[in-house]
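Working notes, structure below.
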Amino acid sequence: MSIRDNYLEILKRKDVATKRSGRSPEDVILMAVTKKHEPAELKEAIDAGATDFGENKVQELLSKYDEVHPERWHLIGHLQTNKVRQIIDKVIMIHSVDSLKLAREINKRAAAASLVMDVLIEINLAEEESKTGIPKGDVQELIECIVAECDSVRVRGIMCIPPRADNPEDSRIYFKETKRIFEELKKLDLPEDRAYIDTLSMGMSADFEIAIEEGSTIVRVGSSIFGQRDYR
């Protein structure tokens, strides 16, 4: 199947899963993950209707930015503080905030660019050493610190990546827990210009339908759209 056919098939599955969870298809964004894929491939996805693209690495995003023009670019991978300035005016959301230090740098660079950057807090639910993100017990404190200190950052919600599993159903318990945390955060009395909690980013190629059933509002799909990545 072509990239166009793949995208349209995933979009259809996304919409079916969204309706199955009692929501409208417009309630869940299908993000095309572009890691290790070429600009020509990304353009095929745009031609098929893709609007939101997510890149893991700053340098890869920069290498594609001038050539590929989706409606929205997202930075979804781990972000080093010394690279924030390079992408602050190129993405509409940073999905991987995992420290106050990083939030402060985003705030500094966003203020200098006269914008407010939307961010998600990345949670490492299983506390895997190989993954970034913060423990679930630290999420509320981090958000409250960002709200108190960073007037050019707006927290929009949370993001998680569950442990790798052979059976996608094994991810459901992590998605349920992330949704529970999300709902608790929505109850906090926070100023909407600093924290407007409406975004739950979870679910990838293998498990995005399960993530949608458990409440995801953004699913991040790469290989099912573009094919397997070439890591050479």
remark   = Where a ≥ b ≥ c are root eigenvalues of the Cα gyration tensor, a/c under 1.5 meaning rounded, otherwise prolate if a/b exceeds b/c and oblate otherwise, the stretch 167-228 counts as oblate
note = Taking a ≥ b ≥ c as the square roots of the eigenvalues of the Cα gyration tensor, with a/c under 1.5 meaning rounded and otherwise prolate when a/b exceeds b/c and oblate if not, the chain is oblate
key: Mean Cα-pair separation over length for the stretch 32-126, i.e. relative contact order, pairs under 8 Å, 6 or more apart, %   = 22
remark   = Judged on accessible area alone, 1.4 Å probe, highest first, GLU127, GLU177 line up as GLU127, GLU177
query = Out of PRO168, PRO70, PRO191, any idea which swings most in a Gaussian network model of the chain, alpha carbons joined below 10 Å?
reply = PRO191
Point-charge dipole on Cβ atoms (K/R +1, D/E -1) for the stretch 129-214, about Cα centre, debye to 20 = 40
The chain: most fluctuating residue of THR199, THR81, THR18 per GNM, C-alpha cutoff 10 Å = THR81
task = On the protein heavy atoms, probe 1.4 angstrom, tell me the percent of accessible surface of the stretch 65-158 carried by carbon and sulfur.
result = 40
query = Along the three principal axes, how long is the stretch 119-210 when you take its alpha carbons, biggest first, rounded to the nearest angstrom?
reply = 42, 26, 19
key: Cα gyration tensor category, rounded, prolate or oblate, for the stretch 7-99 with a/c compared to 1.5   = oblate
note = Once phi for every residue in the stretch 64-72 is put through the Karplus expression 6.51 cos²θ - 1.76 cosθ + 1.60 (θ = phi - 60°), the whole-Hz ³J(HN,Hα) values, with Gly and Pro written as x, are 9, 4, 6, 9, 10, 10, x, 5, 9
Solvent-accessible surface (1.4 angstrom probe) belonging to ASP66, in square angstrom, nearest 10 = 130
message = I need the Debye-formula profile for the stretch 96-153: one equal scatterer per C-alpha, no solvent, reported as log10 I(q)/I(0) at q = 0.15, 0.19 1/Å, two decimals.
response = -0.43, -0.64
Ranked order, TYR7, TYR65 - accessible area, probe 1.4 Å, largest first = TYR65, TYR7
note = Relative contact order as a percentage, the stretch 135-217, C-alpha pairs under 8 Å and 6+ apart, gives 36
remark   = Computed over the stretch 89-232, protein heavy atoms only, probe 1.4 angstrom, the accessible area per residue in square angstrom equals 48
inquiry  = Which order do you get for HIS74, HIS69 if you rank them by accessible area with a 1.4 Å probe, largest at the top?
reply    = HIS69, HIS74
message = Taking loop as defined by DSSP and a crowding limit of 13 other beta carbons within 10 Å, which chymotrypsin sites (Phe, Trp or Tyr not before Pro) in the stretch 151-232 fit?
response = TYR231
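The values are calculated or read from the model by the stated rules, or taken from the named source; none is laboratory data. Worth saying up front: this structure is predicted, and the values here are computed from it rather than measured. Don't worry about glycine lacking a Cβ; one is built from the backbone with ideal geometry, like all the others, and counts go over all protein chains shown. Quick note on the areas: whole protein, heavy atoms, side chains included, nothing else; ligands and nucleic acids left out. Shrake-Rupley method; radii C 1.70, N 1.55, O 1.52, S 1.80 Å.
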